[in-house]
Amino acid sequence: MKKLLAILLAAVMLLSVAAFAEGQTEITLWTYPIGSWGNAEVVDGIVANFNKVHPEITVKVEYLDYTNGDKQVAAAIEAGTMPDIIMEGPERLVANWGANGKMLDLSDLWTEEAKADIIAAAPAVEAACRNAKGVYYEYPLCMTTHCMVINKTDFEAANALQYLNEETRTWTTEGFINALKALKEAGFAPTMTVYCGGQGGDQGTRALVTNLYSAQFTAADHSAYTIDSEAGIKGIQTLVDLFNEEIIDAGLDIVASDEIALFCNSTTSMSICWNASAALSNKANFAEDVVPLPMAFPSDDGVPELQGGIWGFGLFDTGNEAKVAAAKEFVRFVCDDPEQVKESVYASGFFPVKASVGDVYAGTEKEGNAEFAVFMPYLGDYYQVTGGWAQQRTEWWNMLQRVFLGGDVATEVGVYVTNSNAGIQ
């Protein structure tokens, strides 16, 4: 009798576990180190908030880096072991994995209300999250504009502040060149460096070149690379001329992280790779005489078009409807819940893609990030979704090296454009 009762009890327990398991859904999230979204303690807190609302969904998180992350994702795709959710930007979610048929259409997340809210903040964000056929492969959370930064101490000493608008943080190409010359004459050399030892931080060199004379990096429909225009060639030639005149330096063996270090230790008077996240992470690295003043890139008309960063979530097509539904609930909570979205954006260190969210930094230890909000109206076209992007990045820094080493600018830019366009599928 006891044996029979034990068997019956065991059967009941197994049925209970099975019923519980049937009610639970486990999903996986892979995230690149987007601010504190690469910090397990912070992300655990976000998941805990989600589980207060959805205790039936378990979220397992894996943290990627930008050195090996793409290889890990490629291997997972090859093996069919992709995560349910991945956090990154349109150049990966839309132009790469989406274009290759690996991502799910997220149009149902893009309600009319959400779309209007995002467009009110920055129309370029909405356009970047879908392909040419209107299929949305990303639901965005946060954004930023990449800018540059100057050492106000050096500019004051060289009487170069007269060449910029400190209130709007803008300047013209003429003012920029005059400021460089004033810095050199005052003994500040090198004034800056155009790093081209690799692709790291190449958004800075692209933004500098395109803004100088209002060149377009790609065609409006992202079908071709177009920096071989008269304006594009003129921008690169201007930098080469400044280098030959020993007014600026060419960092043939460094990338953006090295260039930022040169600015922070007061070796140079400016950096062309800056944003709110860089300002926060380098706060303790400034030499005593460095007073950072973030600036937009100089442009011929004084109206810059800044490179943007947009980060959000995409869902891999795993074929599991229950996991897909659970993954969408997580994305909705993180991005749409009125209270959670503020915490989600705050963790990134960037700015909300929705106008309704407002300032998430006021009264916090990251209050200094709000300084960068002045640049958001200058967010330009998100051309990183152009095909062949990875190949283009390699071609770009190699082209810069060749022109600084004496290559004919028009010829070398032509080679860059030809090779880059050949990589567009």
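Taking the Cα atoms of the stretch 269-425 alone, what are Rg (to one decimal) and Dmax (as a whole number) in Å?
Values for the stretch 269-425 (Cα only, Rg and Dmax): 20.3, 59 Å.
Within 10 Å of each residue's Cβ, count the other Cβ atoms and sort Thr267, Thr28 from fewest upward.
By the 10 Å Cβ count, ascending: Thr267, Thr28.
Given the stretch 327-402 reduced to its alpha-carbon atoms as identical point scatterers, what log10 I(q)/I(0) does the Debye formula return at q = 0.13, 0.14, 0.22 Å⁻¹?
Per q value, in the given order, log10 I(q)/I(0) is -0.62, -0.68, -0.98.
Take the Cα pairs of the stretch 235-282, get the Kirkwood Rh, then feed it into Stokes-Einstein at 37 °C and 0.692 mPa s and tell me D in µm²/s. Let's see the in-between values first.
Values: Rh = 11.9 Å.
Diffusion coefficient, whole number: 277 µm²/s.
For the stretch 158-249, what mean projected area does the convex hull of the alpha carbons give, in nm²?
Projected over every direction and averaged, the Cα hull of the stretch 158-249 covers 7.0 nm².
Taking the Cβ of Leu405 as the centre, find all other residues whose Cβ is under 14 Å away and add up their charges (Lys, Arg: +1; Asp, Glu: -1).
Once all neighbours under 14 Å are counted, the net charge is -3.
Taking every pair of Cα atoms in the stretch 54-202, average 1/r, invert it to obtain the Kirkwood radius, and report Rg/Rh to two decimals.
Reported Rg/Rh, Kirkwood definition of Rh: 1.12.
What is the distance in Å between the Cα centres of the stretch 44-92 and the stretch 376-425?
After rounding, the separation between the Cα centres reads 31 Å.
Mind giving me the FRET efficiency for Glu245 and Thr58? R0 is 60 Å, r the Cβ-Cβ distance, nearest 0.05 is fine.
Numbers: r = 61 Å, r/R0 = 1.02.
It comes to 0.45.
Hey, could you get me the Stokes-Einstein D for the chain, Kirkwood radius over alpha-carbon pairs, 20 °C and 1.002 mPa s, rounded to whole µm² s⁻¹?
On the way: Rh = 23.1 Å.
Estimated diffusion coefficient is 93 µm²/s.
Out of the DSSP beta bridges found with both residues in the chain, what percent are antiparallel (nearest 5)?
The antiparallel proportion sits near 60 percent.
On a full-extension model of 0.36 nm per residue, what is the gain between Ser356 and Ser223, subtracting their alpha-carbon distance, rounded to one decimal in nm?
Full extension from Ser356 to Ser223 adds 44.6 nm.
Taking R0 as 22 Å, what FRET efficiency do you get between Asn178 and Ala284 from their Cβ-Cβ distance, rounded to the nearest 0.05?
With a Förster radius of 22 Å, E is 0.10.
Take peptides 415-424, 271-280, 100-109 and line them up by average Cβ neighbours within 10 Å, highest first, as a rough protection proxy.
Values: 415-424: 17.7, 271-280: 23.2, 100-109: 16.1.
Highest mean packing first, the order is 271-280, 415-424, 100-109.
Under 21 Å between alpha carbons, and skipping anything fewer than 8 positions from Lys328 in its own chain: which lysines qualify?
Straight-distance partners of Lys328: Lys52, Lys60, Lys102, Lys115, Lys342, Lys354.
At each listed q (0.14, 0.18, 0.26, 0.27 Å⁻¹), what is the log10 of I(q)/I(0) that the Debye formula gives for the stretch 50-125 modelled as equal alpha-carbon point scatterers?
Values, matching the q order: -0.66, -0.99, -1.23, -1.25.
How large is the Rg to Rh ratio of the stretch 194-320 when both quantities use alpha carbon positions and Rh follows Kirkwood?
Radius of gyration relative to Kirkwood radius: 1.03.
Sort out the exposed loop GluC sites (Glu not before Pro) in the chain (DSSP loop, at most 15 other Cβ within 10 Å) and tell me the longest stretch that has none.
Longest gap between qualifying sites, sites excluded: 57-165.
Report the Rg/Rh value for the stretch 118-161, based on alpha-carbon coordinates and the Kirkwood definition of Rh.
Result: Rg/Rh = 1.35.
Every number here is computed from the coordinates shown, using simple stated rules; none is lab data. If you're wondering where the values come from, they're calculated on a predicted model, not measured in any experiment. Cβ: placed from backbone, ideal geometry, glycine included. Neighbour counts: every protein chain shown.
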